[in-house]
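Asks: My questions will all concern the structure given below.
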Amino acid sequence: MANHTTHSSTGSAPISAPAAQPIPVKRVLISVSDKTGIVDFVKFLVKHKVEILSTGGTAKLLTENGLKVIEVGTYTGFPEMMDGRVKTLHPKIHGGILARRDVTSHTNAMRHHDIPPIDMVIVNLYPFAATIAKPDVALDDAIENIDIGGPAMVRSAAKNYAFVSILTDAADYVGLMDEMSANHGNVSAATRFALAKKAFSHTAEYDGMIANFLTSLDAHNKPQTFPDRLNLSFTKAQAMRYGENPHQQAAFYTEAEPALGTLAHYQQLQGKPLSYNNVADADAAWECARSFEVPVCVIVKHANPCGVAIAADTLTAYQRALETDPTSAFGGIIAFNREVDGATAELVSKQFVEVVLAPSFSAAARQAFKAKQNVRVLQIPLARELNKFDMKRVGGGLLVQTADDFDLSELRVVTKRKPTDDEMNDLIFAFRVAKYVKSNAIVFCRYGMTLGVGAGQMSRIDSTKIAAIKAQHAGLSLTGSVAASDAFFPFRDGLDVIADAGATAVIQPGGSMRDDEVIAAANEKNVAMVVTGMRHFKH
């Protein structure tokens, strides 16, 4: 393996932040829609003699739990109004949050207008995401769930992080309690700055979600698939040692709520940190593996499946997948859609493998992989939810499309000979695999096992020839096999190569202006042909 290098920084000077000491928390303002953990956190604050200010619903909950609370309306002398639209937009609130305690004019204004300082703000926003996720949500309902006062308080507190702590996530309560307990009720400058960065990201994501929803509405307020302005929010999950090549820098980012079962949910059980290429190839393997209902093993090299097989158990599936192309499998990525047992792990450990993925690993399997500490073992909950959008970066822009959802409900036999039941099962298997092979894609298989895969060629005839050559190099006969093509055959030559290699049935989308010529060739060679009506290009 090549030596790995670590990039130094870009050379930019660090940005200086206001120096600040730990700040004692004496007064807290609370207004939360998600009330998870808030009662316990406020009990902790009260024990530390912190004064609690709160808005209506939150104040009611805290009072019901025996906690002393000052309602915001009482505190400001100005009642909540307009169905709660106006309650915290008041100088006594924002003055207490925004005032710099190291600026004389600010502290003088606070004394003159009787504005006490607010040292901590705990806010999470109206549930806009949950509202718009409802089927046929009314625009008025969506609008009413756009928070105004909440983001204003969050941004005020985050801007003044030198003196104020801002919490927008219930997951941070425990850490804050630990820190305050250890530091006499104080919150450090580092923690306040970290919380401020998180808060600004939170409001940016919230506003982006609103913009996405509103700009997806047409002139009649009917939702369209793609908004006019697409705002994306991702969190850095991992910095990579380098990118696709050692001279490139890279990082892995995840969505706030990744689709269930996608790679972003991985838990690494052992092995070196994942590289950029590891993540890309692992995603290719996992997406293919989780698309199958039956036990499957998928081996990927350079983003292409080089061996896929189904079987009654993971061990047999792995043995059959490896048989397709053991040369390409060297240094590959292996994915299973079932728990990996000890016997499978023992056998996998005998080959050079970069990453192994599965929904779970038995204790025996984990013990077997311990002997190969360089092997990255990833555990991912098995689910089949698709990403809402697929995206591809291009120069100065972004290509966005809906997910390639697999549907073979309208298969048509277009030749005189119909495929046997075994052939039909293999055709469906081969076409499913072809979806995950780079175009142009040709896949030969028999009995639920790939025999030859031709990927990424500029002409379909070349992919067909390469797939046949791959099978020959692996010592696998194509006699009696079936073949899948991800797109139609533009000429009969690809079909001729498939038939001459020994395949007896083929599946393809159809739709070429020469379909009749290709079908005639299939009839001439007594090859059954099934048309899907669905293309699966993958670039």
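Asks: Could I have the simple spin-label model distance between residue 26 and residue 392, label points 7 Å from Cα toward Cβ, reported in nm to one decimal?
Replies: Label at residue 26, label at residue 392, 6.1 nm between them.
Asks: Here is a further query. Which number comes out as Rg/Rh for the chain once both Rg and the Kirkwood Rh are worked out on C-alpha atoms?
Replies: On the way: Rg = 29.9 Å, Rh = 27.4 Å.
So for the chain, dividing Rg by the Kirkwood Rh gives 1.09.
Asks: Given N residues in the stretch 140-299, what is Rg(Cα) / (2.2 N^0.38 Å)?
Replies: Numbers: Rg = 20.6 Å, N = 160, 2.2 N^0.38 = 15.1 Å.
That ratio works out to 1.36.
Asks: To continue, here is another question. Which of the lysines could a cross-linker span from residue 60 if the Cα-Cα distance has to be under 25 Å and same-chain partners fewer than 8 positions apart are dropped?
Replies: 26, 35, 43, 47, 49, 68, 87, 92
Asks: Can you send over the carbon and sulfur percentage of the accessible area for the chain, probe radius 1.4 Å, protein chains only? Can you show the working numbers first?
Replies: Working: 14080 of 26770 Å².
Exposed carbon and sulfur together represent 53 percent of the surface.
Asks: Can you check how the C-alpha radius of gyration of the stretch 256-308 compares to 2.2 N^0.38 Å, as a plain ratio? Show your work: numbers first, answer last.
Replies: Values: Rg = 11.7 Å, N = 53, 2.2 N^0.38 = 9.9 Å.
Compared with the compact-globule rule of thumb, the stretch 256-308 sits at 1.18.
Asks: Okay, moving on. Where in the chain lies the longest segment free of GluC sites (Glu not before Pro) that are both loop residues by DSSP (not H, G, I, E, B) and have at most 12 other Cβ atoms within 10 Å? Spell out each step's value before the answer.
Replies: Details: sites that count: 244, 293, 385, 410.
Looking at the chain, 1-243 is the longest stretch - no exposed GluC sites (Glu not before Pro) with at most 12 other Cβ atoms within 10 Å.
Asks: For the stretch 148-227 and the stretch 458-512, what is the separation of their C-alpha centers, rounded to whole Å?
Replies: Here the answer is 55 Å between Cα centres.
Asks: Just how much of residue 421 is accessible, in Å², when a 1.4 Å probe is used and the result is rounded to the nearest 10?
Replies: 130 Å²
Asks: Can you tell me the orientation of helix 460-473 relative to the chain, as the angle in degrees between its alpha-carbon axis and the longest Cα principal axis, to the nearest 10?
Replies: The helix 460-473 is inclined about 80 degrees to the chain.
Asks: Can you compute the modelled spin-label distance between residue 181 and residue 201, with each label point 7 Å from Cα toward Cβ, in nm?
Replies: Using points 7 Å along Cα→Cβ, the separation is 2.6 nm.
Asks: Using 0.36 nm per residue of separation minus the Cα-Cα distance, give me the extension gain between residue 267 and residue 100 in nm, one decimal.
Replies: 55.8 nm
Asks: Also, quick follow-up: Let me see the pair-distance distribution of the stretch 272-431: every alpha carbon pair, 10 Å bin width, integer percents in order.
Replies: 10, 36, 31, 17, 5, 0
Asks: For the chain, what is the mean residue ellipticity at 222 nm derived from helices alone (per DSSP H run of n ≥ 4: -39500 (n - 2.57); sum divided by total residues; nearest 500 deg cm²/dmol)? Kindly include the intermediate steps, with their values, before the conclusion.
Replies: On the way: 19 runs with 191 residues, N = 539.
After summing the helix terms and dividing by residue count, I get -10500 deg cm²/dmol.
Asks: While we're on this one: Treating each Cα of the stretch 77-149 as an identical point scatterer and ignoring solvent, apply the Debye formula and state log10 I(q)/I(0) at q = 0.18, 0.20, 0.23 Å⁻¹.
Replies: -0.80, -0.88, -1.02
Asks: Any idea what angle helix 421-434 forms with the longest principal axis of the chain, computed on alpha-carbon atoms, 0 to 90 degrees, nearest 10?
Replies: The two axes meet at around 50 degrees.
Asks: While we're on this one: Relative to the first principal axis of the alpha-carbon coordinates of the chain, what is the inclination of helix 314-324, with its axis defined by its Cα atoms, in degrees from 0 to 90 and to the nearest 10?
Replies: 60 degrees
Asks: Would you mind working out the accessible area per residue for the chain, using a 1.4 Å probe, and quoting it in Å²?
Replies: Details: 26770 Å² over 539 residues.
The answer is 50 Å² per residue.
Asks: Take the Cα atoms of the stretch 300-366, find their three principal axes, and give me the spread along each one in whole Å, biggest first.
Replies: Per principal axis, max minus min of the Cα coordinates gives 29, 23, 19 Å.
Asks: For a quick check: with amide H placed at 1.01 Å from N, whose amide H comes under 5 Å from residue 486's, ignoring anything fewer than 5 positions away on the same chain?
Replies: Long-range HN contacts for residue 486: 441.
Asks: Report the gain in length on full extension from residue 493 to residue 36: 0.36 nm times residue separation, minus Cα-Cα distance, nm rounded to one decimal. Show your work: numbers first, answer last.
Replies: Numbers: separation 457, 0.36 × 457 = 164.52 nm, distance 6.42 nm.
My answer for the length gained is 158.1 nm.
Asks: Please report the relative contact order for the stretch 265-381, taking Cα pairs under 8 Å with a sequence separation of at least 6, and give it as a percent rounded to a whole number. Walk me through the numbers before you get to the answer.
Replies: Details: 268 pairs, mean separation 35.0, N = 117.
Contact order relative to length: 30 percent.
Asks: Using θ = phi - 60° and the Karplus curve 6.51 cos²θ - 1.76 cosθ + 1.60, what whole-Hz ³J(HN,Hα) does each residue of the stretch 266-278 get, with Gly and Pro shown as x?
Replies: Once rounded to whole Hz, the list reads 5, 10, 7, 8, 6, x, 5, x, 5, 9, 4, 5, 4.
Asks: Could you run the Karplus curve 6.51 cos²θ - 1.76 cosθ + 1.60 with θ = phi - 60° over the stretch 396-413 and give me ³J(HN,Hα) per residue in whole Hz, x for Gly and Pro?
Replies: Along the stretch 396-413, the couplings run x, x, 9, 8, 10, 9, 6, 5, 7, 6, 7, 8, 10, 7, 10, 6, 10, 8 Hz.
Asks: If the viscosity is 0.692 mPa s and the temperature 37 °C, what Stokes-Einstein diffusion coefficient in µm²/s follows for the stretch 40-179 when Rh is the Kirkwood radius over Cα pairs? Could you put the intermediate results ahead of the total?
Replies: Numbers: Rh = 16.5 Å.
Roughly 199 µm²/s, to the nearest whole number.
Asks: Points 7 angstrom from Cα along the Cβ direction at residue 245 and residue 539: gap in nanometres?
Replies: In this crude label model, residue 245 to residue 539 measures out at 2.2 nm.
Asks: Between 440, 503, 38, whose Cα lies farthest towards the positive end of the dipole of the chain when Lys and Arg beta carbons carry +1 and Asp and Glu beta carbons carry -1, centred on the Cα centre?
Replies: The one lying farthest along the dipole's positive direction is 38.
Asks: Over the alpha-carbon set of the stretch 427-516, work out the extent along each principal axis and list the three values in angstrom, largest first.
Replies: Its Cα atoms span 36, 25, 23 Å along the three principal axes.
The values are calculated or read from the model by the stated rules, or taken from the named source; none is laboratory data. These numbers were taken from a predicted model, which means no experiment stands behind them. Please note: Cβ atoms are built from the backbone with ideal geometry, for glycine as well, and neighbour counts cover all protein chains shown. We work out accessible area using only protein heavy atoms, side chains counted, and drop any ligands, DNA or RNA first. Shrake-Rupley method; radii C 1.70, N 1.55, O 1.52, S 1.80 Å.
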